[in-house]
1. Semi-axes of the equivalent ellipsoid of region A:18-61: what are they in whole Å, largest first, if each equals the square root of 5 times a C-alpha gyration tensor eigenvalue?
2. Expressed in nm to one decimal, what extension gain is obtained for the pair B:Val128 and B:Ile106 from 0.36 nm per residue of sequence separation less their Cα-Cα distance?
3. At 4 °C and 1.567 mPa s, what whole-number value in µm²/s does Stokes-Einstein give for the translational diffusion of region A:5-88, with Rh from the Kirkwood sum over Cα pairs?
4. Given the peptides B:96-108, A:73-85, arrange them by the average over their residues of other C-beta atoms within 10 Å, most packed first.
5. How high is the FRET efficiency from B:Thr141 to A:Arg97, r the C-beta distance, R0 35 Å, rounded to 0.05?
6. Taking a virtual spin label 7 Å from the Cα of B:Ala61 along the C-beta vector, which residues in region B:20-49 bring their backbone nitrogen under 12 Å of it?
7. Could you tell me the center-to-center distance, by alpha carbons, between region B:1-43 and region A:30-58 in angstrom?
8. Viscosity 1.306 mPa s, temperature 10 °C: give me the Stokes-Einstein translational D for region B:1-75 in µm²/s, with Rh taken as the Kirkwood radius over C-alpha pairs.
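Derivation of every value follows stated rules applied to the coordinates shown; laboratory data play no part. Because the structure is a prediction, the values reported are computed rather than measured. Cβ placement follows ideal geometry from the backbone for every residue including glycine, while neighbour counts extend to all protein chains displayed.
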Amino acid sequence: MPVTLNHYVALASVIFFIGVTGVIVRRNPLIMLMSIELMFNSANLLFIAFARVWLHNAGQIFAFLVITVAAAEAAIGLAIIVTTFRPEKYVDVDDVRALHG
Amino acid sequence: MIFFWFLAAILIASAVWTISASKPVYSVVALLLNFAVLAVLYLTLSAEFLAVIQIIVYSGAILVLFVFVIALLSSGVTPFATGPNRLPNIWMPASVVVLAAFGFLIYALSQTSAMQARPSGPVGSAAVFGSVADFGRALFTVQLLPFEVTALILMVAVIGVITLGGEQMRDADSSRQQAAADRSMREAILREGGD
């Protein structure tokens with residue numbers, strides 16, 4: 001049985017849902033951010049697999065753009081985490097309720 | 001074939017390790033393994049430029065940023081690991097929701113015809129596909145506008161980070177100036193009282 005596109009789709013969706021589980025279950029903002037990176041990477045894997053199957057490099061260009069956006073997102077997210085949690089003893093997103101009403 | 005399954009197994013195991021590790025540092029290590037294996041997988045899909053970018057940008061820049069933030073935040077009094085880790089509480093309902101969503105995705109994929117569709121744009125040849133030259137030519141000719149938009153996104157990110165970090169620095173500055181003013185006023189009062 002050769003490796004087909006379906007294998008890559010299945011692998012990418014498994015990794016994507018592991019990332020979703022991480023965002024839902026964990027309350028540590030750093031691990032949530034890493035789970036988001038996992039989801040970005042599963043999408044990238046799909047883009048590159050489809051680009052390979054169709055021999056069309058628009059998918060690779062889009063994966064490149066996703067990597068750029070992920071870098072920007074990680075920089076801003078980590079800056080927000082540092083400004084929010086620096087005075088705290090714990091790091092837990094549920095403790096942040098300045099906008100709780 | 002065996003190589004693919006080998007890589008896929010490491011990929012899934014390291015992803016699970018990332019979200020289930022007790023300390024964020026272990027998560028970073030697992031994520032590093034994940035990204036490295038993913039770069040190998042990109043190489044097998046003949047995306048050589050992206051494999052290199054994956055290593056340089058993700059493992060070299062983003063994960064180092066994560067490590068810096070972990071070092072910064074956990075230098076306080078409380079060890080980082082004693083922070084709330086409520087994995088067991090909502091593990092069951094969350095996994096049910098995620099498995100339901102996963103099943104829906106697989107069902108939707110099996111119903112759709114998008115997997116059999118063909119691309120509308122120009123199609124490259126297999127010999128040169130994915131080489132750095134091919135990628136670069138596409139990036140600077142056909143896809144020039146998205147590339148420029150990327151530069152704009154990065155600039156927005158830089159300005160955002162400077163704004164967020166600058167606020168903190170201004171706060172620290174103003175409190176330091178306030179303390180200095182208080183001290184000079186106190187000294188002035190003391191001097192007058194002494195005279």
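1. For region A:18-61, the semi-axes come out at 29, 8, 4 Å.
2. Gain on extension, B:Val128 to B:Ile106, equals 4.6 nm.
3. So the translational diffusion coefficient is about 93 µm²/s.
4. Result, highest mean Cβ count within 10 Å first: A:73-85, B:96-108.
5. Once rounded, the FRET efficiency stands at 0.10.
6. No residue qualifies, since no backbone N sits under 12 Å from the label point.
7. 14
8. Rounded, D is 122 µm²/s.
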